[in-house]
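Student: Quick one: the structure is below, and I'll ask about it shortly.
Here, each number is a calculation from the coordinates, and none is a lab measurement. Predicted model only: the values in this text are computed from it and were never measured. So basically every Cβ, Gly included, is an ideal-geometry build from the backbone, and we count neighbours across all protein chains shown.
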Amino acid sequence: MSAQAPITASPASTGAIRHDWQQSELLALFELPFTELLHRAASVHRQHFDPAEVQVSTLLSVKTGGCPEDCAYCPQAQRYHTGVDAQKLMSTEAVLEKARQAKAAGASRFCMGAAWRSPKDRDIPKVAAMIREVKALGLETCATLGMLSAPQADALKSAGLDYYNHNLDTAPDFYGQIIHTREYQDRLDTLEHVRDAGMKTCCGGIVGLGESRAQRAGLLLALANLPAHPDSVPINRLVQVEGTPLHGTAELDPFEFVRTIAIARITMPHSMVRLSAGRESMSDELQALCFAAGANSIFYGEKLLTTGNPDVERDQALFARLGLRPMPVEPAMPAPGGTVHADIVEHNHACGRAA
Ligand code: SF4
């Protein structure tokens, strides 16, 4: 029988901000009885957020497919035969039209994703123009473009970019089985450039890649022990796409997914924990369990980059059944020492971003 964390009071249930989490603590949380873990996560959630509010983001792929990277889960990698055709960067006007639609549907944040290893310097002015125009609509802006240099991060910040998404994807000791074309340190470096430029970070990962429970704990440990907790933490559940190396991977137990959400909430109490890729295949009941475990952000809309996402009507019906409401752009509750920010974007292609 595995060791269990004590069911009585625990530092892990206080909701304090920490950057010194230990792998053994996270594993002990994973080993808790399911209902006890949910209770602890829900208690932390209530200390920092209104549990009836869920932040809603919309993600648009502004440049799809043809990516030179080899992320084993991703249908946009050009080396896999997934039927995703490479497209050019969308025009600013086309992006704006989608942003207006997202705002009309209730989104407070609009994320623009491009399947690049990293943007070329000549791409930055085009993306900057999109950012300026989307922000002028009154939406928060987010982008996920791959690796960024420090000058590129500064340029995007100057254009008005609020958030940058770049995921860690998985635990450091599993990473080499998933991606070979960039290093874990490359991801940490991009996150540092984003923080140094003064933007907020959106950073999470994907589970169900075939990783062990210890490696799921390792992903959460890497996120929770970053120099600053990401403002948004997308937790993606692998969407298996035929033609990618991970197609056919054993499905993750849904309760294990909920446990992962709960531990993200406990270890990063002020962050928006987002249900991202893989939500389309989740039952309403599983999504409700995730909200009970502290998830408080979703992607909204028909497409999550190249994979499907529950349609707006289904989400609105689920919110009504659960008594949830979209989080306003202006925060309803101040967080200690700052502001609770509505959150970003996602994808189940996981460009250092979520799939
Ligand atoms: S996840 Fe992003 S970086 Fe990786 S192959 Fe897909 S588009 Fe490229």
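Student: If you take the charge dipole of the chain about its Cα centre, with +1 on Lys and Arg Cβ and -1 on Asp and Glu Cβ, which of PRO230, HIS247, GLN87 is farthest toward its positive end?
Tutor: GLN87
Student: Also, quick follow-up: Can you compute the charge dipole magnitude of the chain about its Cα centre, using +1 on each Lys and Arg Cβ and -1 on each Asp and Glu Cβ, nothing else charged? Give it in debye, rounded to the nearest 20.
Tutor: On the way: 33 positive and 40 negative charges, 112 e Å.
The dipole of the chain has a size of about 540 debye.
Student: Counting only DSSP beta bridges with both residues in the range 51-339, what percent are antiparallel, rounded to the nearest 5?
Tutor: Numbers: 4 of 37 bridges.
That works out to approximately 10 percent antiparallel.
Student: Scan the chain and report its longest stretch carrying no GluC sites (Glu not before Pro) that are both in a DSSP loop and have at most 16 other Cβ atoms within 10 Å. It would help to have the intermediate numbers written out before the result.
Tutor: Numbers: sites that count: GLU183, GLU242, GLU251, GLU302.
For GluC sites (Glu not before Pro) (loop position, at most 16 other Cβ atoms within 10 Å), the longest site-free span of the chain is 1-182.
Student: Run the numbers on the chain and let me know its relative contact order in percent, using alpha-carbon pairs under 8 Å that are six or more apart. List each step's numbers first, then the result.
Tutor: On the way: 794 pairs, mean separation 92.7, N = 355.
Averaging sequence separation for qualifying contacts and normalising by length gives 26 percent for the chain.
Student: Right, something else. Mind sorting HIS81, HIS193, HIS166 by how few other Cβ atoms lie within 10 Å of their own Cβ, fewest first?
Tutor: On the way: HIS81 10, HIS193 21, HIS166 27.
Fewest-to-most ranking of HIS81, HIS193, HIS166: HIS81, HIS193, HIS166.
Student: Roughly how many whole Å is it from the C-alpha centroid of the range 279-294 to that of the range 58-99?
Tutor: Using only Cα atoms, the two centres lie 27 Å from each other.
Student: Please report Rg (one decimal) and Dmax (integer) in Å for the Cα set of the chain.
Tutor: Looking at the chain, its Cα Rg and Dmax stand at 18.6, 59 Å.
Student: What 222 nm value per residue comes from the helices of the chain, counting each DSSP H run with n ≥ 4 as -39,500 (n - 2.57) and dividing by all residues, nearest 500 deg cm²/dmol? Provide the component values of the computation, followed by the final result.
Tutor: Details: 11 runs with 124 residues, N = 355.
When only DSSP H runs of four or more count, the value is -10500 deg cm²/dmol.
Student: How would you rank TYR184, TYR80, going from fewest to most other Cβ atoms within 10 Å of each one's own Cβ? Could the numbers behind the result be given before it?
Tutor: Details: TYR184 17, TYR80 22.
So the ranking, lowest neighbour count to highest, is TYR184, TYR80.
Student: In addition: Quick one: the Cα spread of the range 162-212 along its three principal axes, in angstroms, biggest first?
Tutor: Largest to smallest, the principal-axis extents are 35, 19, 14 Å.
Student: What is the helix-to-structure angle for 34-48, meaning the angle in degrees between its Cα long axis and the longest Cα principal axis of the chain, kept from 0 to 90 and rounded to the nearest 10?
Tutor: It works out to around 60 degrees.
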